[in-house]
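Shown next, in structure tokens, is the structure this report addresses.
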Amino acid sequence: MEKQQYSLGDIVRMKKPHPCGSSEWEILRVGMDFRLKCQGCGHLVMLPRPKFEKMVRAIVRHADSEN
């Protein structure tokens, strides 16, 4: 199975919703850690790569498709 490729600006859906009610996050940093911004309230979080890959459900929108 091929690993999913994540890039800056992608919007991803996580398994559990944020307390504000939104389950969609924008990727702001990619590497050993991921920096995410909640699309509901703007809260910023940092997750280690293994935890991020375990919690992500799907890519809602790719960064290059925002045209």
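What follows draws every value from the coordinates through simple rules; no lab data is involved. For clarity, every value in this text was computed on a predicted model and none was experimentally measured. No Cβ is skipped: glycine too gets one built from the backbone with ideal geometry, and neighbour counts run over all protein chains shown.
Values computed for the structure shown
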{"read-out": "Scope the range 26-67; condition among the polar types (S, T, N, Q) and in a helix (DSSP H, G or I); matching residues", "value": "Ser65"}
{"read-out": "Those residues of the range 1-51 which are β-branched (Val, Ile, Thr), closer than 14 Å to Ala63 by Cα and in contact with a strand residue (DSSP E or B) (Cβ under 7 Å, 6 or more places away or on another chain), in sequence order", "value": "Ile11, Val12, Ile27"}
{"read-out": "Number of positions in the range 14-31 that are within 19 Å of Pro50 (Cβ to Cβ) and surrounded by 17 or more Cβ atoms within 10 Å (Cβ to Cβ)", "value": "3"}
{"read-out": "Breaking point among (1) aliphatic (A, V, I, L, M); (2) exposed (fewer than 11 other Cβ atoms within 10 Å of the Cβ); (3) more than 10 Å from the chain's Cα centre (by Cα), for Leu44", "value": "(2)"}
{"read-out": "Breaking point among (1) surrounded by fewer than 13 Cβ atoms within 10 Å (Cβ to Cβ); (2) touching a helix residue (DSSP H, G or I) at 6+ places or on another chain (Cβ under 8 Å), for Phe34", "value": "(1)"}
